[in-house]
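The structure appears below as structure tokens.
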Amino acid sequence: MTIAIHESALIRHFNTRKEVLRNWEEHIGCRFSPFRGYKMPDSRLYVEHPDFLDSIVDLIITNERHIFLRGPVGSGKSTLMLLALRDLPTLADRRGNKFITGYVGMTGLYEKQMAAAIADSLRVKYRRSWESSQIIEAVAKESVRRYIEEKCRTALFIEDVADNQEAAFHKLRYLADLPTEEMMHEYPEALDEPIVTLIMSGTAVYWNAMLSFLPQIADRTEPLDVPALDDSKAREFIGRRIAYAQGRIDEFDPNNFDVYPFDEEAIRIINRAARGNPRDIRMLARGCQQVAAENLRKTGNPEVTSEIAELVCEAYATLLKEVR
């Protein structure tokens, strides 16, 4: 017996929509959507804030304060952390110490998970059977050893730190206080200054929570507000993504690039609605792509005009207000 399987109207709708979007991408020479999301994007997509990045690195080098990168979801905190992480191995602090760096990008971690993630990121050996306190103690001792014997300080980057359990967060306090008095007695060469710098990220709500519940760290931490993208950087953000989707990112010149099929006013409208937030710029640009793709099917014109940008931004206004 043959069973006929009929394509539902819903499936036909999504297949047609997918085809319309693909035609737009092919029309402008893209291999895929320029505005797809990435958890860890290619570094060639990064739009840098040189002055702000310098301020992060300078704070780490001077070794006076821990750092909390503060900003709304999608504002580019993770990108800035990765850029700072990229630069540190080539630098030295004011005492001539090089840097050992670690990055914990996972959130929602429990105490032992956090301890293991820190040890793994800093390439510290431990036994899987160990308790979290034993793992962190191994990290602490290795950090002190590296400082004394290899003249290397530790810079530990923790993404969205307050998403993790409170017990896990207290492990960071122990590392922030290194060297302990006992360690200084055992290693008289250890100076009475921090040998681990924490670079944390989170929203303003997370920062306020740290002030309330962990003032011991917050009092020694510098909050830095992530700057929004201005219109020129929003233009570069879109330009890089188009070049990436076209396979031309290695040729991208930040001083001379094209943003076709977006017109200049459309980008300004998108950036104003997004308030310079990269995640929201991407979301609105994706919405503009959908409207422009349908327009291409009807009229043969693939451009994202200011009229399309206004239409999309108005449609997304309520959503953007809610997610903020």
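The values are calculated or read from the model by the stated rules, or taken from the named source; none is laboratory data. Everything numeric in this text was worked out from a predicted model, so none of it was measured. We place every Cβ from the backbone using ideal geometry, glycine too, and count neighbours over all the protein chains shown.
Can you list residue pairs whose Cβ atoms sit under 8 Å apart, with the first residue in the stretch 65-87 being farther than 17 Å from Asp280 by Cβ and the second being acidic (Asp, Glu) and not in a loop (DSSP other than H, G, I, E, B)? Count only pairs 6 or more apart in sequence or on different chains.
Filtered contacts from the stretch 65-87: Arg65/Glu222; His66/Glu222; Ile67/Glu222; Phe68/Glu222; Arg70/Asp225.
Tell me whether the stretch 240-257 contains one or more residues that are of a type outside the set (Ser, Thr, Tyr), in contact with a strand residue (DSSP E or B) (Cβ under 6 Å, 6 or more places away or on another chain) and not in a loop (DSSP other than H, G, I, E, B). Give the derivation first.
Restricting attention to the stretch 240-257, the residues satisfying the condition of being of a type outside the set (Ser, Thr, Tyr) are 240-243, 245-257.
Those left that are additionally in contact with a strand residue (DSSP E or B) (Cβ under 6 Å, 6 or more places away or on another chain): none.
Within the stretch 240-257, not a single residue is of a type outside the set (Ser, Thr, Tyr), in contact with a strand residue (DSSP E or B) (Cβ under 6 Å, 6 or more places away or on another chain) and not in a loop (DSSP other than H, G, I, E, B).
For every residue, the table says whether it meets (1) of a type in the set (Ser, Thr, Tyr); (2) touching a helix residue (DSSP H, G or I) at 6+ places or on another chain (Cβ under 8 Å); (3) under 21 Å from Gly239 (Cβ atoms).
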residue: Asn277; (1), (2), (3): no, no, yes
residue: Asp280; (1), (2), (3): no, yes, yes
residue: Arg286; (1), (2), (3): no, no, yes
residue: Glu294; (1), (2), (3): no, yes, no
residue: Thr299; (1), (2), (3): yes, no, no
residue: Thr305; (1), (2), (3): yes, yes, yes
residue: Ala309; (1), (2), (3): no, yes, yes
residue: Cys313; (1), (2), (3): no, yes, yes
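Restricting to the stretch 287-309, give me the number of residues that are over 10 Å from Leu21 (Cα atoms) and under 28 Å from the mean Cα position of the chain (by Cα).
If we filter the stretch 287-309 for residues that are over 10 Å from Leu21 (Cα atoms), which is where we start, we get 287-288, 295, 298-309.
Going one step further and asking which of them are under 28 Å from the mean Cα position of the chain (by Cα), we end up with 287-288, 304, 309.
Residues in the stretch 287-309 being over 10 Å from Leu21 (Cα atoms) and under 28 Å from the mean Cα position of the chain (by Cα): 4 in total.
Yes or no, residue by residue, for (1) out of contact with any helix residue (DSSP H, G or I) (no Cβ under 8 Å at 6 or more places or on another chain); (2) assigned by TED's automatic domain parsing to the domain that holds Ile242; (3) at pLDDT 90 or above; (4) surrounded by fewer than 19 Cβ atoms within 10 Å (Cβ to Cβ):
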{"residue": "Asn23", "(1), (2), (3), (4)": "no, no, yes, yes"}
{"residue": "His27", "(1), (2), (3), (4)": "no, no, yes, yes"}
{"residue": "Asp54", "(1), (2), (3), (4)": "yes, no, yes, yes"}
{"residue": "Ser78", "(1), (2), (3), (4)": "yes, no, no, no"}
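From the list Ile269, Ile238, Ile242, exactly one residue is buried (at least 20 other Cβ atoms within 10 Å of the Cβ), touching a Ser or Thr at 6+ places or on another chain (Cβ under 7 Å) and not assigned by TED's automatic domain parsing to the domain that holds Gly74. Which is it?
Working: Ile238 fails: touching a Ser or Thr at 6+ places or on another chain (Cβ under 7 Å); Ile242 fails: touching a Ser or Thr at 6+ places or on another chain (Cβ under 7 Å).
Exactly one residue qualifies, and that residue is Ile269.
Give me a count of the residues in the stretch 80-108 that are among the aliphatic types (A, V, I, L, M), over 18 Å from the mean Cα position of the chain (by Cα) and surrounded by fewer than 20 Cβ atoms within 10 Å (Cβ to Cβ).
If we filter the stretch 80-108 for residues that are among the aliphatic types (A, V, I, L, M), which is where we start, we get 80-85, 88, 91-92, 100, 104, 106.
Checking which are over 18 Å from the mean Cα position of the chain (by Cα) leaves us with 91-92, 100.
This time we only want the ones that are surrounded by fewer than 20 Cβ atoms within 10 Å (Cβ to Cβ), so: 91-92.
Count: 2.
Which ones in the stretch 224-236 are more than 15 Å from Glu251 (Cα to Cα) and in a helix (DSSP H, G or I)?
Step one: list which residues in the stretch 224-236 are more than 15 Å from Glu251 (Cα to Cα), which gives 224-235.
Within the stretch 224-236, Asp231, Ser232, Lys233, Ala234, Arg235 qualify.
Can you report the number of residues in the stretch 122-136 which are in a helix (DSSP H, G or I) and surrounded by fewer than 16 Cβ atoms within 10 Å (Cβ to Cβ)?
Quick first cut of the stretch 122-136, residues in a helix (DSSP H, G or I) only: 132-136.
When the remaining residues are screened for being surrounded by fewer than 16 Cβ atoms within 10 Å (Cβ to Cβ), the result is 133-134.
Of the residues in that region, 2 qualify.
Among the listed residues Ile118, Ile148, Ile136, which satisfies the condition of being farther than 23 Å from Ser201 by Cα and hydrophobic (A, V, I, L, M, F, W, C)?
Ile148
State yes or no: is Pro41 modelled with pLDDT under 90, assigned to a helix (DSSP H, G or I) and surrounded by fewer than 18 Cβ atoms within 10 Å (Cβ to Cβ)? Show your work before the answer.
On the way: modelled with pLDDT under 90: yes; assigned to a helix (DSSP H, G or I): no; surrounded by fewer than 18 Cβ atoms within 10 Å (Cβ to Cβ): yes.
The answer is no for Pro41.
Can you name the condition, by its number, that Thr101 falls short on among (1) modelled with pLDDT of 90 or more; (2) in a loop (DSSP other than H, G, I, E, B); (3) of a type in the set (Val, Ile, Thr)?
Of (1) modelled with pLDDT of 90 or more; (2) in a loop (DSSP other than H, G, I, E, B); (3) of a type in the set (Val, Ile, Thr), only one is false for Thr101: (2).
When the stretch 224-280 is examined, which residues are found to be of a type in the set (Val, Ile, Thr), in contact with a Cys (Cβ under 9 Å, 6 or more places away or on another chain) and farther than 24 Å from Leu21 by Cβ? Break it down stepwise before answering.
Initially, the stretch 224-280 is screened for residues of a type in the set (Val, Ile, Thr), giving 226, 238, 242, 249, 259, 267, 269-270.
With in contact with a Cys (Cβ under 9 Å, 6 or more places away or on another chain) added as a condition, the list becomes 242, 269-270.
Passing the criteria: none in range.
Name the one entry in Met283, Met200, Met210 that is of a type in the set (A, V, I, L, M) and farther than 30 Å from Ile61 by Cα. Quick ask: steps written out before the conclusion?
Details: Met200 fails: farther than 30 Å from Ile61 by Cα; Met210 fails: farther than 30 Å from Ile61 by Cα.
Just a single option satisfies the conditions, and that option is Met283.
Kindly establish whether Ser33 is part of a helix (DSSP H, G or I) and of a type in the set (Ser, Thr, Tyr). Break it down into steps so the answer makes sense when it comes.
Details: part of a helix (DSSP H, G or I): no; of a type in the set (Ser, Thr, Tyr): yes.
Here the answer is no, as Ser33 does not meet what is asked.
Just to be sure, is Tyr260 hydroxyl-bearing (Ser, Thr, Tyr), over 17 Å from Cys30 (Cβ atoms) and either assigned by TED's automatic domain parsing to the domain that holds Ile242 or out of contact with any Pro (no Cβ under 6 Å at 6 or more places or on another chain) (or both)?
Values: hydroxyl-bearing (Ser, Thr, Tyr): yes; over 17 Å from Cys30 (Cβ atoms): no; either assigned by TED's automatic domain parsing to the domain that holds Ile242 or out of contact with any Pro (no Cβ under 6 Å at 6 or more places or on another chain) (or both): yes.
Answer is no for this residue.
Looking at (1) under 30 Å from Asn255 (Cα atoms); (2) assigned to a helix (DSSP H, G or I), find the lone condition where Ala119 falls short.
(1)
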